[in-house]
Amino acid sequence: MGARVVILGCGFGGLAAAQALRGAPVEVTVIDRANHHLFQPLLYQVATAGLSAPAIAAPIRHILAGQDNVTVLLGDAVRIDLAAREVALADGGRVGYDRLIVATGAANSYFGNDAWARHAPSLKTLEDAFEIRRRILLAFEHAEREADPAARAGWLTFAVIGAGATGVELAGTLAEIARHTLRGEFRHFDPRAARVILVEASDRVLPPYPPELSEKARLQLEQLGVSVWLGRRVTGIDAQGVQLGDDRLAARTVVWAAGVAASPLGATLEVPLDRAGRVVVRPDLSIPGHPEVAVVGDLAALPHHQPPVPGVAPAAKQMGRCAARNIVHALAGRPPERFRYRDYGQLATIGRSAAVAVLGRLELWGYPAWLLWLVAHIYFLISFRNRLVVLLDWAWAYWTFKRYARIVVGPDSRPDA
């Protein structure tokens, strides 16, 4: 029996690590609290009824079925016992390891205002996407039944908090739904009257991008019908809307896309964390004092790496593969390799034929950037079936503006609905 390798989390980093260990003389156990791998960059498409869940998710067991040295377990890791080399699960189970890769990612952060979550759901899981989709579509249903113009306006105002990539994508798609997808489907109001407000505390959208591309993204959003409010900090969220200092925005549907926090599992390692709660790792991704434990993806902080490593899928994949190679190196008696991130560029879509992209010194926007974004995302989807389904759905939506994943199950889950 080979060395026992446990991988916690099967996101981009964990999956890349597991696949990189194919053929290695190790016994791999992958533990995840969900039974599926999720292509998170397209999660907003499920939330806005552009794609169905199976188009961007695949069962972990199916993905790894052909890898004989991998066992998949459904479980929620809650603590890591470094001394005993065991992982404690929420159900009381314990899994031993010789080598451990922690790839549990990040969760959404409300900056200490967790009570806002019930009024402004965030977008990290399929459950989040279903919840947001339910609220968006039912807001239009409430507006159809509402006779009071002021109350109807509240239902037809959608606030997206945070103008990073997720916020920009959500806001642009919401505007397209109101202006194109739902046109002609309601009798008591015009869906085109809906307002989509994108709120950002900083002075520009897409802060990680060059300023000139941020400005082009803002202009493309406004062309789609999104109102962009910059330099506005949220001070409160309730069932009726958003408080922005002394100003009040009446909006019955609010989506949170403003911040993330590291997985709490990192704190159980009892090693230094950065301000965001990420584990400060060594250049080879191991933790101080424990070369048998590596941390990858959004949970890892690499202060020694310049330029800083962004929290994106390609970085997580590269870290996962590096951690796997270092396990093979250790078993062969070779020294570990230093992680070096290779930047393939940044892509953010805004709406129909609208996007921005940075590829080294090359900057693109508009239709060329959107076409590049589309090709890249289809290419990186897990299986051929997913690629084909997404391609057909997008082609149909592009030519018809129709979205057929508009299925709502269950009542409106807003606290006051």
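Determine whether segment 157-166 contains at least one residue that is touching a residue at least 12 places away in the same chain (Cβ under 8 Å), surrounded by fewer than 19 Cβ atoms within 10 Å (Cβ to Cβ) and in contact with a helix residue (DSSP H, G or I) (Cβ under 9 Å, 6 or more places away or on another chain). Within segment 157-166 (the criterion being touching a residue at least 12 places away in the same chain (Cβ under 8 Å), surrounded by fewer than 19 Cβ atoms within 10 Å (Cβ to Cβ) and in contact with a helix residue (DSSP H, G or I) (Cβ under 9 Å, 6 or more places away or on another chain)), the answer is no, since none of the residues qualifies. Exactly one residue out of Gln40, Gln19 is among the polar types (S, T, N, Q) and at pLDDT 95 or above, and it is Gln19. The set of residues in segment 236-272 being over 24 Å from the mean Cα position of the chain (by Cα), farther than 19 Å from Ile136 by Cβ and part of a loop (DSSP other than H, G, I, E, B) consists of Gly245, Asp246, Glu270, Val271, Pro272. Total residues in segment 277-286 satisfying the condition of being over 15 Å from Ala316 (Cα atoms) and in contact (Cβ under 8 Å) with a residue 60 or more places away in the chain: the figure is 0. Kindly indicate whether any position in segment 200-209 is closer than 20 Å to Arg414 by Cβ and either among the aliphatic types (A, V, I, L, M) or modelled with pLDDT of 95 or more (or both). Scanning segment 200-209, I find no residue that is closer than 20 Å to Arg414 by Cβ and either among the aliphatic types (A, V, I, L, M) or modelled with pLDDT of 95 or more (or both), so the answer is no.
Among the residues of segment 290-318, the one identified as among the aliphatic types (A, V, I, L, M), closer than 17 Å to Ala24 by Cβ and more than 17 Å from the chain's Cα centre (by Cα) is Ala294.
Within segment 307-321, the presence of at least one residue that is assigned by TED's automatic domain parsing to the domain that holds Val280, among the basic types (Lys, Arg), crowded, with 17+ Cβ neighbours inside 10 Å and on the phi < 0 side of the Ramachandran plot is confirmed. When segment 59-72 is limited to residues that are in contact with a strand residue (DSSP E or B) (Cβ under 7 Å, 6 or more places away or on another chain) and surrounded by fewer than 16 Cβ atoms within 10 Å (Cβ to Cβ), the one that is farthest from Ala18 (Cα to Cα) turns out to be Pro59. Per the listing Ala103, Ala84, the residue uniquely over 23 Å from the mean Cα position of the chain (by Cα), within 15 Å of Glu292 (Cα to Cα), assigned by TED's automatic domain parsing to the domain that holds Val26 and modelled with pLDDT of 95 or more is Ala84.
The values are calculated or read from the model by the stated rules, or taken from the named source; none is laboratory data. Just so you know, these numbers come straight off a predicted model, no measurement behind them. Glycine also receives a Cβ, built like all others from the backbone with ideal geometry; neighbour counts cover every protein chain displayed.
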